[in-house]
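For reference, the structure discussed in these notes is given below.
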Amino acid sequence: MATLSFTSSPAALLLNNNATTYHLPRFLSISSFPNHKSVWRPQVALLHVKCLANIPEKDAILEETEEEQNKSLSESDSLGSISAYTWCAGLGALGFLETTYLTYLKLTNSDVFCPLGSSSTSCSSILNSQYSLLFGVPLPLIGMIAYGLVTNLALQLAGKELPFRVNETNGRLILLATTTSMATASTYFLYVLSTSFPGDSCAYCLFSALLSFGLLFTTLKASGLREVQNYVGLQLVLAAIVVTALSTSYSISSPVSTSMADTNMPFFATEITTQSSPFTLSLAKHLQSIGAKMYGAFWCSHCVEQKQMFGSEAAKLLNYTECFPDGYRTGVKIDKACANVGIEGFPTWVINGQVLSGELELSELARISGFEQPN
């Protein structure tokens, strides 16, 4: 309890632990008496007031309470972010494994195993098409780098240990920019898949697109709506850059036959109508015995004429490789076996290590292969 007194003492302020006494300037009033002079008489008033003792301590308690509340909110947000970043790291790791496998197949020219109901032929044709390269760089290799970056960055954000003195805000921005670019590229490739490869499916392509979209949505959740709204313009610019880069890359690359750029032809077999002679039968058996190979395309008229020279029976004995077994359409590259030879035209013969382009006379084939007609 504090005592407030009005006295004639000078103004002062005294504090103690038990009570607070405030001495304020005195107030004087005039009392008038009959037949007497007016005199100045001091008036003393005591006022008991209740005051809060130790105010600085209570302010400190309030500040400490606010700090604890902010810390609690911060930890709650942090836990939510760590959960989202952990999901990002997991999805990124799956994408990294997939693209590493596809990169290995691409660099070693190995056959692709296509699971989940995708036919091996359609899956291989898509993964070996012109869309599998970006400015000459294998697309799976670019995806492997992107998924690796996302995985590493998400783990560092979850642990709040970013390298090169990058703060958490900039780290989230880099992650958002990367996942936005990846999701945009996946959207572009899904469009290509539906337009250039109608009826075909690629489990790897669809799985990669699913991972990219999942990474973007998870990153948006980790960043928060308020922060993402500040970078919508940046996301749109990045999406435009990605689409422009992809379109430019595929516009300057052309399939094997530029005259058939807009053609979509299913595979068909051409019947050989001529009869084989003893000479063509012997020559075909000789070419087969020495491992000579003929590479051609089902739509190539010169390939058909070359087979007609041998006749129907002898043509079946030739070691012939079809370079477009799944048909020809925009964006489809030739078969891997044909690409390894370095074909410049059809038909192409490989005899005793020599690569010979174009339709050849039977006599020339006999001479190059060392065939001697029996008497």
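The values are calculated or read from the model by the stated rules, or taken from the named source; none is laboratory data. What you see is a predicted model; the values in this text were computed from it and never measured. Cβ coordinates were reconstructed from backbone atoms using ideal geometry, including for glycine residues, and neighbour counts include every protein chain displayed.
Candidates Thr263, Thr244: the one that is more than 16 Å from Glu361 (Cα to Cα), out of contact with any helix residue (DSSP H, G or I) (no Cβ under 7 Å at 6 or more places or on another chain) and at pLDDT below 90 is Thr263.
Just wondering, is there one or more residues in the range 150-162 that are on the phi > 0 side of the Ramachandran plot and not basic (Lys, Arg)?
The first filter runs over the range 150-162 and keeps only residues on the phi > 0 side of the Ramachandran plot, leaving 160.
Next, from what is left, pick out any that are not basic (Lys, Arg): none.
No, the range 150-162 contains no residue that is on the phi > 0 side of the Ramachandran plot and not basic (Lys, Arg).
Can you tell which of Leu210, Leu176 is surrounded by fewer than 21 Cβ atoms within 10 Å (Cβ to Cβ) and assigned to a helix (DSSP H, G or I)? I'd like the intermediate steps shown before the answer.
Numbers: Leu176 fails: surrounded by fewer than 21 Cβ atoms within 10 Å (Cβ to Cβ).
Result: Leu210 is the single residue among Leu210, Leu176 that is surrounded by fewer than 21 Cβ atoms within 10 Å (Cβ to Cβ) and assigned to a helix (DSSP H, G or I).
Checking Ser201, Ser181, Ser196 one by one, the residue that is more than 18 Å from Thr100 (Cα to Cα), within 14 Å of the chain's Cα centre (by Cα), surrounded by fewer than 22 Cβ atoms within 10 Å (Cβ to Cβ) and touching a residue at least 24 places away in the same chain (Cβ under 8 Å) is Ser181 and no other. Cβ-Cβ distances below 6 Å connect the following pairs, each with a first residue in the range 218-231 that is closer than 20 Å to Thr151 by Cα, a second residue that is buried (at least 16 other Cβ atoms within 10 Å of the Cβ) and basic (Lys, Arg), and a separation of six or more residues or different chains: Ser223/Arg172. In the set (1) over 13 Å from the mean Cα position of the chain (by Cα); (2) surrounded by 15 or more Cβ atoms within 10 Å (Cβ to Cβ), Leu236 fails one condition alone, (2).
Considering only the range 274-310, how many residues are among the aromatic types (Phe, Trp, Tyr) and over 13 Å from Leu362 (Cα atoms)? Steps first, answer last, please.
Start the filter on the range 274-310 by keeping residues that are among the aromatic types (Phe, Trp, Tyr), which leaves 279, 295, 298-299, 310.
Okay, now just the ones that are also over 13 Å from Leu362 (Cα atoms), so 295, 298-299.
Matching residues across the range 274-310 total 3.
Can you name every residue in the range 310-326 that is more than 24 Å from Thr280 (Cβ to Cβ) and either surrounded by 20 or more Cβ atoms within 10 Å (Cβ to Cβ) or at pLDDT 85 or above (or both)?
If we filter the range 310-326 for residues that are more than 24 Å from Thr280 (Cβ to Cβ), which is where we start, we get 324-326.
Within the range 310-326, Phe324, Pro325 qualify.
Within the range 140-172, the set of residues being surrounded by 13 or more Cβ atoms within 10 Å (Cβ to Cβ), assigned to a loop (DSSP other than H, G, I, E, B) and out of contact with any helix residue (DSSP H, G or I) (no Cβ under 7 Å at 6 or more places or on another chain) comprises just one member, Val166. Among the residues making up the range 188-217, those that are modelled with pLDDT of 90 or more and of a type in the set (S, T, N, Q) are Ser208, Ser212.
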